[in-house]
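J.: Provided herewith is a single structure, encoded as structure tokens, for subsequent inquiry.
The values are calculated or read from the model by the stated rules, or taken from the named source; none is laboratory data. The shown structure was predicted, so the numbers you read here are calculated from the model rather than taken from an experiment. Glycine also receives a Cβ, built like all others from the backbone with ideal geometry; neighbour counts cover every protein chain displayed.
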Amino acid sequence: MRLTLFALCLMAFSFRPDKPAYRLYTSTLKATTYAKLLHQATEADVVLFGELHNNPICHWLELQLTKDVQTAKKGSLVLGAEMFETDNQTALSDYIQAKTTAKELATQARLWPNFTTDYKPITDFAREQHIPFIATNVPRVYARLVSRQGLSALDTLSADAKRQIAPLPLTVDLTLPGYQAMIDMMGNASHSGTTNPQTTTSSKTPSDMAANFARAQAIKDATMAYFILQNHQSGQTFLHFNGDYHSKNFEGIVWYLRQKQPDLKIMTISSVEVLDVNKPAAENQNLADFLITIPVDMTKTY
């Protein structure tokens with residue numbers, strides 16, 4: 001009897017389901033493979049990898065995709081990232097070209113606090129493989145200016161400063177669902193008294209501040225799209241890393257890319273944390289061309 005129970009326990013243990021760190025799905029939530037994602041990435045003009053900034057699975061997959069696209073399209077890969085601001089391009093390029101050290105890069109550029117763990121491996125691979133790496137994000141001082149004063153504040157910038165952002169005047173469609181959700185979120189925060197008084201002024205109404213918050217997001221999206229297009233050539237794959245919110249639902253950066261080049265072959269990747277990676281919720285449909293589901297209790301990098 002004991003032997004039978006022991007055998008049954010062994011069988012139950014041997015058939016316990018695997019615990020995958022992630023799963024891949026199409027936009028319609030059909031299970032798919034990394035091989036298919038890679039193939040489509042090599043065929044695309046622009047790949048927007050929407051990451052969760054503190055998720056190690058995202059960062060590992062970004063590195064693997066970079067390596068594999070480089071193998072498939074050696075000499076025709078360009079990298080870009082939200083994590084580098086346009087006025088830090090010289091510092092980034094000098095590092096990629098091995099003109100400076102990692103210590104010098106840290107003093108010359110505004111690196112994110114998680115750069116060493118999450119983005120340095122990709123940056124170092126680009127350095128080793130001589131892959132161009134483009135700083136695409138608007139300098140934060142200008143995004144902050146828009147958030148506080150609106151887009152018209154950018155008109156006062158110098159010609160040199162304007163070269164670091166998307167061309168003005170900038171069209172912003174605040175009716176796009178992503179921006180509208182930000183406005184709603186900020187409006188709810190102001191009504192509940194949770195907005196930061198240091199970022200508000202008495203001359204602005206809560207609706208003004210919420211709209212400017214969305215416009216600040218738009219100047220980031222537009223600037224990233226602009227510098228992607230400025231540094232992409234026919235036959236190349238431009239692999240861009242950005243927070244998921246900047247490209248999910250085919251909005252944000254995608255919208256601005258489409259305004260300038262409607263025929264551009266764009267592939268998007270969205271990342272979500274879920275309770276069960278094998279059962280993505282219906283609400284995760286159509287977030288992107290490829291969906292990465294990651295356990296919600298995955299270890300974070302910060």
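J.: Just give me the residues in segment 148-169 being closer than 19 Å to residue 251 by Cβ and either surrounded by fewer than 17 Cβ atoms within 10 Å (Cβ to Cβ) or within 21 Å of the chain's Cα centre (by Cα) (or both), in sequence order.
T.: 166
J.: With the condition kept exactly as written, say whether any residue in segment 125-139 is among the acidic types (Asp, Glu), surrounded by fewer than 16 Cβ atoms within 10 Å (Cβ to Cβ) and either at pLDDT below 95 or touching a Phe, Trp or Tyr at 6+ places or on another chain (Cβ under 9 Å) (or both).
T.: Within segment 125-139, not a single residue is among the acidic types (Asp, Glu), surrounded by fewer than 16 Cβ atoms within 10 Å (Cβ to Cβ) and either at pLDDT below 95 or touching a Phe, Trp or Tyr at 6+ places or on another chain (Cβ under 9 Å) (or both).
J.: Could you tell me whether segment 79-91 includes any residue that is touching an Asp or Glu at 6+ places or on another chain (Cβ under 9 Å), modelled with pLDDT of 95 or more and over 30 Å from residue 35 (Cβ atoms)?
T.: yes
J.: Residue under question is residue 103, and the condition is that it be surrounded by 14 or more Cβ atoms within 10 Å (Cβ to Cβ), within 23 Å of residue 63 (Cβ to Cβ), charged (D, E, K, R) and modelled with pLDDT of 95 or more; does it hold?
T.: no
J.: Further question: For a quick check of your reading of the model, give me the residue pairs whose first member lies in segment 26-43 and is at positive phi, whose second is part of a helix (DSSP H, G or I), with beta-carbon atoms closer than 9 Å and at least 6 apart or on different chains.
T.: 29/282; 29/284
J.: If we keep just the residues of segment 82-130 that are of a type in the set (D, E, K, R) and outside any helix (DSSP H, G or I), which is nearest to residue 70 (Cα to Cα)?
T.: Here the residue is 82.
J.: For residue 56, all conditions in the list (1) touching a residue at least 40 places away in the same chain (Cβ under 8 Å); (2) closer than 26 Å to residue 256 by Cβ hold save one; what is the number of the exception?
T.: (2)
J.: Across segment 183-204, which residue is modelled with the lowest pLDDT among those that are surrounded by fewer than 17 Cβ atoms within 10 Å (Cβ to Cβ) and within 20 Å of residue 173 (Cα to Cα)?
T.: If we take residues in segment 183-204 being surrounded by fewer than 17 Cβ atoms within 10 Å (Cβ to Cβ) and within 20 Å of residue 173 (Cα to Cα), then 185 is modelled with the lowest pLDDT.
Let's see how each residue does on (1) farther than 23 Å from residue 173 by Cβ; (2) of a type in the set (Phe, Trp, Tyr):
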{"position": "226", "(1), (2)": "no, yes"}
{"position": "230", "(1), (2)": "no, no"}
{"position": "249", "(1), (2)": "no, no"}
{"position": "268", "(1), (2)": "no, no"}
{"position": "273", "(1), (2)": "yes, no"}
{"position": "276", "(1), (2)": "yes, no"}
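J.: Regarding segment 281-294, can at least one residue be identified that is of a type outside the set (A, V, I, L, M), crowded, with 21+ Cβ neighbours inside 10 Å and either assigned to a loop (DSSP other than H, G, I, E, B) or under 18 Å from the mean Cα position of the chain (by Cα) (or both)?
T.: yes
J.: Can I ask one more? Check off (1) part of a helix (DSSP H, G or I); (2) in contact (Cβ under 8 Å) with a residue 60 or more places away in the chain; (3) over 23 Å from residue 56 (Cα atoms); (4) not acidic (Asp, Glu) for residue 249 and give me the number that stays unchecked.
T.: (3)
J.: Kindly indicate whether residue 92 is aliphatic (A, V, I, L, M) and within 13 Å of residue 134 (Cβ to Cβ).
T.: When the stated conditions are applied, residue 92 passes them.
J.: Kindly check whether there is at least one residue in segment 51-74 that is part of a strand (DSSP E or B) and either small (Gly, Ala, Ser) or closer than 27 Å to residue 220 by Cβ (or both).
T.: yes
J.: Taking only segment 218-246 into account, find how many residues are part of a helix (DSSP H, G or I), surrounded by fewer than 21 Cβ atoms within 10 Å (Cβ to Cβ) and out of contact with any Lys or Arg (no Cβ under 7 Å at 6 or more places or on another chain).
T.: 2
J.: Here's something else I'd like to know. Within the set of pairs 6+ apart or on separate chains, which have a first residue in segment 253-274 that is of a type in the set (Lys, Arg), a second that is part of a strand (DSSP E or B), and C-beta atoms under 8 Å apart?
T.: Partner pairs satisfying both residue conditions: 258/266; 265/46.
J.: Further question on the same structure: Looking at 142, 119, which is the one that is within 16 Å of residue 86 (Cα to Cα), touching a residue at least 24 places away in the same chain (Cβ under 8 Å) and buried (at least 16 other Cβ atoms within 10 Å of the Cβ)?
T.: Testing whether each residue is within 16 Å of residue 86 (Cα to Cα), touching a residue at least 24 places away in the same chain (Cβ under 8 Å) and buried (at least 16 other Cβ atoms within 10 Å of the Cβ) leaves just 142.
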